[in-house]
1. For the stretch 196-207, which residues satisfy the criterion of being surrounded by fewer than 19 Cβ atoms within 10 Å (Cβ to Cβ), without any contact (Cβ under 8 Å) to a residue 60 or more places away in the chain and under 18 Å from the mean Cα position of the chain (by Cα)?
2. Can you pull out the strands (runs of 3 or more DSSP E) entirely within the stretch 130-203 that have at least 3 residues that are out of contact with any helix residue (DSSP H, G or I) (no Cβ under 9 Å at 6 or more places or on another chain)?
3. Pick from SER49, SER76, SER54: which is touching a helix residue (DSSP H, G or I) at 6+ places or on another chain (Cβ under 7 Å), open to solvent by 50 Å² or more (accessible area, probe 1.4 Å) and at pLDDT below 95?
4. Residue by residue through the stretch 174-195, note down the ones that are of a type in the set (S, T, N, Q), surrounded by fewer than 15 Cβ atoms within 10 Å (Cβ to Cβ) and under 15 Å from ASN206 (Cβ atoms).
5. Identify, please: which residue in the stretch 94-122 is in contact with a helix residue (DSSP H, G or I) (Cβ under 9 Å, 6 or more places away or on another chain) and open to solvent by less than 60 Å² (accessible area, probe 1.4 Å) and is, among those, farthest from ASP38 (Cα to Cα)?
6. Please go through the stretch 123-144 and pick out each residue that is touching a residue at least 40 places away in the same chain (Cβ under 8 Å) and either among the hydroxyl-bearing types (Ser, Thr, Tyr) or open to solvent by less than 10 Å² (accessible area, probe 1.4 Å) (or both).
7. Looking only at the stretch 1-46, filter to residues that are of a type outside the set (D, E, K, R) and in contact with a Cys (Cβ under 7 Å, 6 or more places away or on another chain); which one of those is surrounded by the most Cβ atoms within 10 Å (Cβ to Cβ)?
Amino acid sequence: LNCILPNTFSLLHINVNSILGLEKSQGVDLILKSNKVDLLVVAESKLGSDTPTSKFDYPEYEILRRDRVVYRKSCSKALNCSGGGGGGLLIFVKKIHKIVLNYTDPNFETICLGLHINKRRCNFVITYNPHFEMRNDHIKHLKDMISKFDASSKTIVVGDLNQDFLSNRGDKLKSAMSSYNFSNVITKPTHHQGNSDSLIDLIFTNE
């Protein structure tokens, strides 16, 4: 990681598919101990209430969690649960940045975060959508979250959205984000399976 530059803010988003694995937890540990990342978003943490936050103790960082959810495929309802399904979010924020908003959505795996960075307010919508089939509900949810912020303020949307921007499976999300003047800054595939590449881990900004 080469992230330390004067007056800059570094954001790192990683998808670990369970941070409880030894290799993955050691990798996150190395990243945080390097003290180079201002905001680390760990998607698919696969954490539940049986894992205490004290397991992740880094003096330089504030820790936020939105634990995994079990989704009923027959509808869009979600239930908080430590077993099976869902992904979970684990977020580390450097304590030098004042948190002025911390909202955890009760129905979606989303955390809205407001930080003071270099004397300026910056908003983050950090989210995970577990199924492509839930895209319509999740897009509506994103619109609701973005609408809570002043349109003139800097806002960043980041997450594993499971809507491929390299195919027409991402068209609805592209249209929705464009209508709010957000553009995606990630251009290379983020997911590889066999001979198939997809771009489902995205970072949007309105600047």
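The values are calculated or read from the model by the stated rules, or taken from the named source; none is laboratory data. What you see is a predicted model, and the numbers here were worked out from it, not measured in a lab. Ideal geometry is used to build each Cβ from the backbone, glycine not excepted, and the neighbour counts take in all protein chains shown. These area figures cover heavy atoms from the full protein model, side chains too; ligands, DNA and RNA do not enter into them. Shrake-Rupley method; radii C 1.70, N 1.55, O 1.52, S 1.80 Å.
1. Hits for the stretch 196-207 are SER198, THR205, ASN206.
2. By residue number, 154-160, 191-193.
3. SER76
4. SER178, SER179, ASN181, SER183
5. PHE108
6. Scanning the stretch 123-144 gives PHE124, ILE126, TYR128.
7. Among those residues, the one meeting the criterion is VAL37.
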